[in-house]
Amino acid sequence: MKKTTRAAADRSTGTAQPGSAADDRAEPVRTGRKRDHSRDGAILDAAIEVLGDVGYAAMTMDAVALKARAGKATVYRRWSSKEEMALEAVARLKLRQIPMSTLPDTGSLRADLLALFQPESAAEIERRDRTAAGLVSMVSHNPAFADAVHRALADPWAEAHLTLMRRAVERGEVAGSVDIETLSTVLPTMAAYRTLVQRKAFDGDFLLAIVDGVLMPALLSRAAPDASAR
């Protein structure tokens, strides 16, 4: 009876010996389950709610997990610290500020700017105020958070204002020489200052005061060419 060598047996069974060519080509063994990010949004939304309810100092990752009805292990695998979670939640808040695909387009820049400010229900106002209070608590706890919080509050509105102002330039309502890049940041920056520093509400009266008293005079300071005269 022919003896079967170990190498032959290895070839017949597909088993590779350590140090062999087959061993070098072997796929590394992967352990553990693939990380599921499908619940990240819900957890980050819960983080914003907890932040608004108790402030940054009292906010815990356990409380966020409870609010989101997520397992603590899931939360701790995804975020290494409360700071990391809070900053990512603020970044997500930025994305939810304004639906850029449905910006007003009335044919009038002033009307468009005012139309961005939608009336809110009492519940929406309360939720917004709680969120603002939570963001203020972040900055109070650690001034290093100020830039991220300011970007979350101001950048989406500045982008929307710039889009509306570009349209006004294209239709001849605003002169092309006007610095709309800078002017698009005026109202969002002042609104962020009012919310974070003065801790006052961003309301219709404040909006009208800035649009009519600051923005429109600056935007129309250099008259656009009369389209009918061309």
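I need every pair where a residue in region 154-173 that is in the same structural domain as Leu219 (by TED's automatic domain parsing) and on the phi > 0 side of the Ramachandran plot has its Cβ under 8 Å from the Cβ of a residue that is surrounded by fewer than 21 Cβ atoms within 10 Å (Cβ to Cβ) and assigned to a helix (DSSP H, G or I), sequence separation at least 6 or different chains.
Going by the 8 Å Cβ cut-off, the qualifying pairs are Gly172/Ala227.
Output the residues belonging to region 184-199 that are under 22 Å from the mean Cα position of the chain (by Cα) and either modelled with pLDDT of 90 or more or not aliphatic (A, V, I, L, M) (or both).
Within region 184-199, Ser184, Thr185, Val186, Leu187, Pro188, Thr189, Met190, Tyr193, Arg194, Thr195, Arg199 meet the criteria.
Within region 170-217, which residues are under 19 Å from Glu126 (Cβ atoms) and crowded, with 16+ Cβ neighbours inside 10 Å?
Those that are under 19 Å from Glu126 (Cβ atoms) and crowded, with 16+ Cβ neighbours inside 10 Å: Ala191, Arg194, Thr195, Leu196, Phe202, Phe206.
When you go through (1) assigned to a helix (DSSP H, G or I); (2) surrounded by fewer than 16 Cβ atoms within 10 Å (Cβ to Cβ); (3) among the small types (Gly, Ala, Ser); (4) within 22 Å of the chain's Cα centre (by Cα) one by one for Ser137, which number turns out not to apply?
(2)
Let me confirm something: among Ala65, Ala91, Ala42, which residue is in contact with a helix residue (DSSP H, G or I) (Cβ under 7 Å, 6 or more places away or on another chain), surrounded by 20 or more Cβ atoms within 10 Å (Cβ to Cβ) and assigned to a helix (DSSP H, G or I)?
When all the criteria are applied, what remains is Ala65.
Matching residues to (1) under 30 Å from His161 (Cβ atoms); (2) not assigned by TED's automatic domain parsing to the domain that holds Met138:
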position: Asp62; (1), (2): no, yes
position: Trp79; (1), (2): no, yes
position: Arg92; (1), (2): yes, yes
position: Leu103; (1), (2): yes, no
position: Leu109; (1), (2): yes, no
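The values are calculated or read from the model by the stated rules, or taken from the named source; none is laboratory data. The structure presented is a predicted model; accordingly, all values stated were derived computationally and were not measured. Cβ sites come from the backbone with ideal geometry, for glycine too, and all protein chains shown count toward neighbours.
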